[in-house]
Amino acid sequence: MASYKPTNIPVYPKLGEKVTEETLYWKNYKTPIQIKEFGAVSNIHFSPVTPYNFAVTAFTRIHLYGLLSQEPVKTFTRFKDTAYCGRFRSDGQLLVAGCEDSVVRLFDVSGKVALRMFKGHTKAVHVTDFTSDRYQILTGSDDYTCCLWDIPNSAQLNTYQEHTDYIRCGVTSQLNRDLFVTGSYDHSLKVFDARVDKSVMTINHGHPVESLLLYPSEGLLVSAGGRYVRVWDLLKGGQPLVSLKNHHKTVTCLALSSNGQRLLSGSLDRHVKVYNTTSYKVVHNFDYPAAILSLALAPEDESIVVGMTNSILSIKHRKPSEEAKETAGHQRRRPSYRVYAHRKSYVPKQDDYLVSKPVRQHLAKYDKQLKKFNVSKALDTALETWIRGRKPEITVAVIRELDRRGTLKNALAGRDEQELSRLLSFLIANLVDARFAPVLITAAEMILDIYQSIIGQSPVVDKQLLHLQSLLERELDYQKDLLEVLGMLDTMFASSLPKIELPCSGISTSNGLPQGQSTDVIFPYNKMQSRVFE
Amino acid sequence: MVEHGDVRVVHKGGSKINFREPALSTDSRFLLCASGESVKVFSTATEECLHALQGHTDLITGVLLRPSNHLQAYSCSLDGTVRLWDFTDGILIRWAKSNRVNIWCCFIYVWTVHLHVCACTELFQLVAVHLPQCGEQLVEAKELSAVLSNISSNPAASAFGREVRIFRCLEVYFFKKHKSYSFFLKKDNQKGGKNTFTCITCHPTEDCIASGHEDGKIRLWRNFNHRKEYTYSTLHWHHSAVSSLSGTNLLSGGVESVLVQWRYNQESQRDFLPRLGGAITHISVSPDGALFCTSHSDNKITIIQSCVKVSAVIQGLVKGDRIRTDLMIEPRSKALVLNGKPGHLQFYSLQRDKLLYNLDIVQQEYIHESGLEQFEVVMAAFDASGSWLATVEERKQKAPELELNLKLWAFDDQKQSFVLNTTISAPHEGRITALCFPHVSDGQTTMLVSTSRDGHFKAWQLAAPAHTEDEGPSWSCDFLGAYHSLVPECCCFSADSSLLAVGFQEVVTVWTPASWELLTTLSQPPGAVRDLCFGRLSCSKYLLGATTSRLLCCWNLLTCSLEWVTSMDVSLLLADPLSENMAAFCFEAGSTDLFVFKPGEPRPLFSHKALCSGRVTHAVFVPREVMLESCDEASQWLNCSHLYFLTQSMDLLTFITKAEEDKLTASSKQLVVSDDVAMTPFHLLLGKHRDHSAGINEVGSLTLRLNRFHRPTCIFLCSMFVQSLLISKEEEMESEKEEEDSDGEMESRISRPEHMPSGESGCAAPALTKEEVRELRRLKKLDHSWMKGLLD
């Protein structure tokens, strides 16, 4: 005796993006915390030491936030004008920031008043950074110059006047105290060595450079400007390695994930893209509500902080990992687990006679009803809210099975207003889905056949029928448009194909399904529509 | 069959086992069923076929246990004979032949007291045959007395009870009184009731008759000894015709394939055994009631324990009304593959004549309801290495609602079976007309081509998963081809898979699968191309096509020109995978002829006129396990492969050479001798006996005239018999004297064994144990009278 074969639920290919390990990793963040700042958030920088506070530069203030705090733990307000580029020193003790008023200020993270004021630039200073020996500061300004300052005696050490436009980004090397790179709106990147008076390398980015990033190994340099993110090999004399064009507006900020395996870029097009640094393919994408100006990742990727033009700071924290959860659950279960462990540890001896337990076949609710030939009940269970909403393919599979058994009419008939409206709402939700259309159109026709006589008796059902009608009209228009587009494409393909002497028609290397489906779907809809009009 | 040289057409396996109700032996150990021209004896425990009782020359129409001896069974056949068998050993005891010429036995019943067999003649009369009790093996049944006439030819419509015999339309015939009563049901057709009788059975001990009806009702008749005062009660569960009834606890079955057990006198209590397979055609119960067995329309016998649990399934080759798939050979197991149960493919071992397994293709619950359109497997194809199977299933023939599924199955080494890899729903908009894999000898197959009525052919490609997280490779569409919106009917890959030929009605297009370029077109109007086939090996430059205008064309692909053309109505064109030979089945004047030829040679290798009536549409070359080395010209083409084909009446036939046949018979003779020589425990026991053969050598004479009911196997006796004949004259005399002594009282023999062996062999043989002596005595009693025939 064969056991009952459950209804076959077809597995449809998942539409949209594929679930990969990357998406799982990058999706594993909580809903963002949003903090309103006083102005556009132009820079975010994490302190390199615990407790990994981060400095948020927005308008005339710099806020220091703790990793998990929602309120600033400290605020620096002594700026006359818009502050720029608040950065920590590698020991996390000092913070430097430029300002629209051309003065560079150096703060102690515990103090309030600036320790040093570096005056010398004539225009706004957008770039500040500490060199790796911790005693010098690099600044870059809109007056086309960049300078090195000595912290102890606040003296200007050197000035480089090589750029021909605003300097808007720069980084210092973490391995060599004399090296730094600046990027400018004159489309160029320049690598400077403090030991000589000129730049040692010039790289043309091709667009105004908005952001720069050095890899931890400092062999590769990443620059962002225009819609492009470009990677340069410094060891090969600034040879271009790869050019990424994945944003459709200016890329404003760059960040590296903690292990250096992923590169993140934020753009004015409101997306943050995550690239794999070996293949330079986009592996994940975050959407934000406004144009992104600044982006930073906490150590270990514990949180992603994004600043936007609408002066909102968005902080996403990583969800606690699964292992932590599991160990917690483990401890609770321990006593009962011991009991079972004892029973499970029994190993049958060689001459033991094993009595196998008959395996009970587990059937879904609708299958149980189908097995008993209760067709109406089977349809009812398949139309339960949860299944209907989450897994319409199950409901459709049950309808298809009923149709195959020739009992779909019986199952659909004899329903009251509530049940009928449930059916209709399911049809409205799924009728235009190309995967379900063939099955649901037969069902819809049957419903119209059966319930023709009661049209006009219930306002609920009438309303839904009208809705269904308008839906079909829209779908028809849509299909018509699609067919037109298809026709246009066909002529284009035909003209672009090289002339082949042999008379062969219709060669297309793509999957032929979409074409076919669109044509065979439209006719039933037509028929349906004419019926609904009646 | 027409004899043709030394190549003969023979039936090969797959006979029906569900034709008539099977019989269960009294001890429930054996199951006898009529299977073509032989009666097969199955073991109920192991499902194994123990032996086939052969001797009838036509279809066997009934098997019945002999009530007076539980080790014997009667069988009757359309050849007009009734035979009595000892089924444990597979020996024919007697057979009876009617003196009337045109008698067919349709079914058989035994009336215990008189020991006669009732058989049905062509006039549908029930006749009683008295079998005279005599020693002759062939008896002529002279006393034929017609009992009833105009009975139904369906055996289910008549039944024999304790003292009554009853027939269709409820005519009760009392055997003792020689009277018959008829009862009729009112034809109440206004309610749509179809109360035609379909089957009938009698309670074995009580006066109760159950009848099954077309409308699914069962009526229990009682008190039918009187013409007027009969009563009946109605049971109803089945939704359409009840096809079989049986047993003390009434068992019923029908099209729904549910066995229903009704408790006697408590008819509201029922036990069900659902989903048994095909429609139940017969139910039989073992005499002790321990086992039931049901025959199903899909050539299956299910053995069921009386606690309503299936214990064994004996499955024959399922031959539905129509085979939609081609005959195929699974490259791994060399099993024949074709449509089986609805929605399944069956894998049938030709060597062992046994169904290996069924592969569920549709994977849906089968609803037993007539008129319901079900998914059917219409096409299947294996790739060359047997690692992929492609199947097409379809439902509803009408074009707008056609449901099509293309499924691809990968062979799983662990499960040793095919596992579903990809399901493509609606692969084409029209019905699929052909499906083929390229013949890649090394490495993996990664392509499949399907042609469809929608005017396209599609190439499907096995693609690696796009993401590493996906389970594995799956198939997707790679290329969509068409030619002037003509309908492609057939496709074929060349031997090295570098070319694909697709027949678009009258035009054959040749494509290269590497770049999907159309290389050339060939055509031979008028008439659409029906079948395409590339030559193999040295003939691989030839492409053969059969057209609907009765032409067989051969194109040379090197010159792209027609090589030759001949006029024949080819219904099927096949290429032998191991040689250059091609087989063409031609339909000519109502029957099919076979031509076997090489594309490059003008003369056919073999031709066979009038192979069978009707068209042959399914045939297959089955590679041989061991190549033959026949040099005979007419049978040379059978060296590499067998050729099997299905006739219109669904008989599986094959060709056999004389040499092979000789070998077969020789090996069956060999079997007897070698069985005897084998070092089994029995041999050791026998060998010992043979050493002291003095005690046994009288067996030879004894065996010839003893009780025929306790006869050991032929093989066992044969050795004894031969042994006894080898003993010298005087020894024989001596032993005969001895036997005369011992004939009267057996006890004396037990005391004697000590001196007996020493007197004969001289050597120091060990004394016989008591058990051995008992064994010897038993042997002496055995009946060996049947040997007389052999000696004569």
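Computed quantities for the displayed model
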| item | result |
| --- | --- |
| Among the listed pairs A:LYS281/A:LYS319; B:LYS40/B:LYS407; B:LYS40/B:LYS770; A:LYS74/A:LYS190; A:LYS74/A:LYS245, those beyond 28 Å (Cα-Cα) | B:LYS40/B:LYS407; B:LYS40/B:LYS770; A:LYS74/A:LYS190; A:LYS74/A:LYS245 |
| Percent accessible area from carbon and sulfur atoms, segment A:206-299, protein chains only, probe 1.4 Å | 48 |
| Protection-proxy order for peptides B:505-518, A:457-470, A:130-143, each taking the mean of Cβ atoms within 10 Å per residue, highest first | A:130-143, B:505-518, A:457-470 |
| Computed magnitude of the charge dipole of segment B:399-462 (debye, nearest 20; Cβ of K, R +1, Cβ of D, E -1) | 80 |
| Net charge of neighbours whose Cβ lies under 14 Å from the Cβ of A:ASP101, counting Lys and Arg as +1 and Asp and Glu as -1 | +1 |
| Between segment A:455-486 and segment A:207-243, the Cα center-to-center distance that results, in Å | 53 |
| Whole-Hz couplings from phi, Karplus 6.51/-1.76/1.60, listed for segment A:128-142; x for Gly and Pro | 9, 6, 8, 7, 6, 7, 6, 9, 10, 10, 9, 9, x, 9, 6 |
| Estimated distance in nm for a label pair at A:ALA290 and B:ARG352, the labels positioned 7 Å out from Cα along Cα-to-Cβ | 7.7 |
| Additional length obtainable on full extension of the chain from A:ASP477 to A:ASP490, 0.36 nm per residue less Cα span | 2.7 nm |
| Residue mean of other protein chain beta carbons inside 10 Å, B:477-485 | 5 |
| 10 Å binning of all Cα-Cα separations within chain A, expressed as whole percents from 0 upward | 3, 14, 17, 15, 13, 15, 13, 8, 2, 0 |
| Sequence ranges A:159-169, B:340-350, B:293-303, ranked by mean other-Cβ count within 10 angstrom, highest first | B:293-303, B:340-350, A:159-169 |
| 222 nm mean residue ellipticity, helices alone, for chain A (DSSP H n ≥ 4; -39,500 (n - 2.57); rounded to 500) | -9500 deg cm²/dmol |
| Rounded if a/c under 1.5, otherwise prolate or oblate - segment B:481-536, Cα gyration tensor axes | oblate |
| Angle in degrees between helix A:437-451 and the longest Cα principal axis of chain A, rounded to the nearest 10 | 50 |
| Farthest toward positive dipole pole in segment A:9-64 [+1 Lys/Arg, -1 Asp/Glu at C-beta], among A:SER42, A:THR60, A:THR23 | A:THR60 |
| Ranking by accessible area, most exposed first, for A:ILE441, A:ILE455 with a 1.4 Å probe | A:ILE455, A:ILE441 |
| Chain A: relative contact order in percent, alpha carbon pairs under 8 Å with at least 6 residues between | 8 |
| Calculated from backbone phi, Karplus (6.51, -1.76, 1.60) coupling profile of segment B:633-640 in Hz, x at Gly/Pro | 5, 6, 10, 4, 5, 8, 5, 8 |
| Chain pair B, A: total accessible area buried, heavy atoms, 1.4 Å probe, Å² | 2800 |
| Cα-projected label distance for A:SER258 with A:ASP81, points at 7 Å along beta-carbon direction, nm | 3.9 |
| For segment A:40-96 versus segment B:426-459, the gap between their alpha-carbon centres in whole angstrom | 65 |
| Accessible area of segment A:421-505 belonging to carbon and sulfur atoms, whole % at 1.4 Å probe | 63 |
| Area accessible to solvent at A:SER90, 1.4 Å probe radius, in Å² | 60 |
| Cβ-based charge dipole, segment A:341-413, positive-most Cα from A:TRP386, A:GLY406, A:PRO348 | A:TRP386 |
| Only Lys, Arg (+1) and Asp, Glu (-1) charged, at Cβ; segment B:243-341 dipole about Cα centre in debye | 300 |
| B:GLU37 accessible area, 1.4 Å probe, all protein chains in place, Å² to nearest 10 | 100 |
| Rel. contact order, % - alpha carbon contacts under 8 angstrom, at least six apart, segment B:314-438 | 17 |
| Net charge dipole size for segment B:317-421 [Lys, Arg +1 and Asp, Glu -1 on Cβ; Debye, nearest 20] | 360 |
| Positive minus negative residues near B:GLY62 (Lys, Arg vs Asp, Glu; Cβ under 12 Å) | +1 |
| Residues of segment B:426-441 buried by at least 10 Å² on assembly (accessible area, 1.4 Å probe, chain alone as reference) | B:ALA426, B:GLU429 |
| Share of carbon and sulfur in the accessible heavy-atom surface of segment B:418-545 [1.4 Å probe, %] | 49 |
| Residue (of A:PRO299, A:ASN285, A:ALA83) at the positive-pole extreme of chain A, dipole from beta-carbon charges | A:PRO299 |
| Segment B:379-465, relative contact order in percent, only Cα pairs under 8 angstrom and at least six apart counted | 23 |
| Alpha-carbon centroids, segment B:540-567 and segment B:579-633: separation in whole Å | 18 |
| For A:SER90, residues with placed amide H under 5 Å, excluding near neighbours | none |
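The values are calculated or read from the model by the stated rules, or taken from the named source; none is laboratory data. Every value quoted in this text rests on a predicted model; they were computed, and no experiment measured them. Positions of Cβ are backbone-derived with ideal geometry, glycine not excepted, and every protein chain shown enters the neighbour counts. For the accessible areas, the whole protein counts, side chains as well, though only heavy atoms, and no ligand, DNA or RNA atoms are used. Shrake-Rupley method; radii C 1.70, N 1.55, O 1.52, S 1.80 Å.
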